[in-house]
Amino acid sequence: MKHKDQRPLTIVIKLGTSSICDEVTHEPGIANMSLIVETVVKLRREGHRVIIVSSAAIAMGLKRLDIPKRPKHLATVQAIAAVGQCRLIALWDELFRQLNQPVAQILLTRNDIADRAQYLNAANTLLELLHMGVIPIVNENDTLSVMEIKFGDNDTLSAITAGMVNADYLFLMTDVDGLYTENPRNNPDALPIEVVKDISQLTVDVSTGGSSVGTGGMVTKLVAAELATSAGITTIITKSSVPGNIRGIIKYLRYLKGQEGERNTSDKSINPTVPSDLSVSDPDIRLSARSITPLAPTDSVARDSPSPSRTPCRTPSPPPRHTRFLPQSHPMRDRLFWILHGLKSHGAVYIDTGAYKAITRANRAGLLPAGVVDVKGTFSASEAVSLVVIDRKTLANAEKDVQGGGDANKAVRAAILEEGEVVGKAIVNYSSVEIARIMGLKSSEIESLLGYSDSEYIAHRDNLAFAPKHL
């Protein structure tokens, strides 16, 4: 049957270093890169818009300079990345040239998207390239970005990129084909997990990282998935060595969407009884049974089949193995997405539970000085800060119980503040020094204390951004 929803899709594909280069020899995997190129070009010819987020600049540089092992000195690593990025984009360009597909290089740092105008310019450039039929190839500018090289943030970069262009799908390609109920290397009965409904139910052991030349791992992919799903983007983890899986998965998901449209009901997944905690391979990740749908290979399609009362349509083959993270039903607006994920926090403002409820309710208010408990860091007005929730009564009682005051009181206060929960970000109207002076007061007292009053709010409600789970 022909599905009603055949609109072109916007797809972001993230490829890690291990998907492009050999971890030991640093040789580029030409065969796999060629398969990726073929898949992307086929998607383009089907009318879809595709962006690639590609790592491997450092690995390419190591090979080009005949350096056997990644150095520890930061400046050396950045220089190697500069050499490798030339080789990386040249190789992509040559492979795509064989199929007459133009590509463009986009190098970003967090500073490039910290300014709202630059963020919008970057988004507009990407959208214009897609409109022109070009494949943008995005990478973190490793030569300039210290934090990226140290922590490996290309998974997060791919999610931010997907959010910038309002993508339909984000594919995080890796060396495993998804998440499992148990470690499949140790337990042959482990079941693949096809659907994760609520990433907030996942608790992660960060003991396993990425490859020796890469900087990511499964943990960063879960962080990226949470970020992207908050923007309404379906996120998928699947095996990078079989890039053709992308088209198979898309075909399957479009079939499901077509079936949902006919039934005019949402997809209802069967939740089989599973242990309350499920360990997942690479790294060990524990999942709640409420947030996942384990799926045996034999019933991968059955739960999405039409009801018996209907005349069944021809069901496609089971999809390639993958793990799919469902998007939030109420995705974040673009500007709030930018505040929460595009801006770096320059400090923290601690608020009480009453203020938290007021600024997260449906008809939410701005953040008033009365709701502020403490402030951390040094920042100016119009900069972004983290919002941390503290129980004011718990803090007051703990300080009251301290004998002697002074340093002991400060230590107890610091310990309580450390236990606070980060719930979002805000662009503030006052500096850290000013907030420290007016916190806990009424807005009417601001002018008499500071000599001026730029706003009655510490942060206007339009400048408050929260992850969907906190709303």
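Things worth noting here:
- Sole exception among (1) free of Cβ contacts under 8 Å to residues at least 40 places away in the same chain; (2) surrounded by 13 or more Cβ atoms within 10 Å (Cβ to Cβ) for ALA459, by number: (1)
- The residues of the range 439-450 that are closer than 17 Å to ALA381 by Cα and open to solvent by less than 60 Å² (accessible area, probe 1.4 Å), listed by number, are MET439, SER443, ILE446, LEU450.
- If you go through the range 418-438 and pick out every residue that is surrounded by 17 or more Cβ atoms within 10 Å (Cβ to Cβ) and not polar (S, T, N, Q), you end up with 11.
- Subset of the range 12-65 (residues that are in contact with a helix residue (DSSP H, G or I) (Cβ under 7 Å, 6 or more places away or on another chain) and of a type in the set (D, E, K, R)): LYS14, GLU27, LYS42, ARG49, ARG64
- Scanning the range 186-204 for residues that are modelled with pLDDT under 80 and farther than 21 Å from THR220 by Cβ yields ASN186, ASN187, ALA190.
- When THR76 is tested against (1) open to solvent by less than 60 Å² (accessible area, probe 1.4 Å); (2) farther than 18 Å from ASP175 by Cβ; (3) touching a residue at least 40 places away in the same chain (Cβ under 8 Å), only condition (3) is not met.
- Selected residue (only one of THR220, THR229, THR208 is among the hydroxyl-bearing types (Ser, Thr, Tyr), in contact with a helix residue (DSSP H, G or I) (Cβ under 8 Å, 6 or more places away or on another chain), at pLDDT below 80 and not in a strand (DSSP E or B)): THR208
Every residue, every condition in (1) among the polar types (S, T, N, Q); (2) open to solvent by less than 20 Å² (accessible area, probe 1.4 Å); (3) in contact with a helix residue (DSSP H, G or I) (Cβ under 7 Å, 6 or more places away or on another chain), yes or no:
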{"residue": "LYS344", "(1), (2), (3)": "no, no, yes"}
{"residue": "TYR350", "(1), (2), (3)": "no, yes, yes"}
{"residue": "LEU367", "(1), (2), (3)": "no, yes, yes"}
{"residue": "ALA370", "(1), (2), (3)": "no, no, no"}
{"residue": "ASP374", "(1), (2), (3)": "no, no, yes"}
{"residue": "THR378", "(1), (2), (3)": "yes, no, yes"}
{"residue": "ALA384", "(1), (2), (3)": "no, yes, yes"}
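- When ALA81, ALA75 are screened for being modelled with pLDDT under 95, in contact with a helix residue (DSSP H, G or I) (Cβ under 9 Å, 6 or more places away or on another chain), outside any loop (DSSP other than H, G, I, E, B) and more than 25 Å from GLY248 (Cβ to Cβ), only ALA81 passes.
- Test: residue in the range 383-392 that is over 27 Å from the mean Cα position of the chain (by Cα) and at pLDDT below 95: yes
- Conditions (1) over 13 Å from THR161 (Cα atoms); (2) among the β-branched types (Val, Ile, Thr); (3) within 27 Å of the chain's Cα centre (by Cα): number failed by THR125: (1)
- For the range 50-73, a tally of residues being in contact (Cβ under 8 Å) with a residue 24 or more places away in the chain and either under 23 Å from THR156 (Cα atoms) or of a type in the set (A, V, I, L, M, F, W, C) (or both) returns 14.
- Helices (runs of 4 or more DSSP H) enclosed by the range 106-196 - at least 1 residues per element that are of a type in the set (Val, Ile, Thr), open to solvent by less than 20 Å² (accessible area, probe 1.4 Å) and out of contact with any Cys (no Cβ under 9 Å at 6 or more places or on another chain): 110-114, 146-151, 154-164
- Members of the range 304-329 found to be at pLDDT 85 or above, part of a loop (DSSP other than H, G, I, E, B) and in contact with a Pro (Cβ under 9 Å, 6 or more places away or on another chain), listed by number: ARG321, HIS322, GLN328
The values are calculated or read from the model by the stated rules, or taken from the named source; none is laboratory data. Note that the structure is predicted; figures quoted are calculated from it, not measured. Glycine gets a Cβ as well: all are built from the backbone with ideal geometry, and neighbour counts include every protein chain shown. These accessible areas exclude ligands, DNA and RNA; they are computed on the full protein's heavy atoms, side chains included. Shrake-Rupley method; radii C 1.70, N 1.55, O 1.52, S 1.80 Å.
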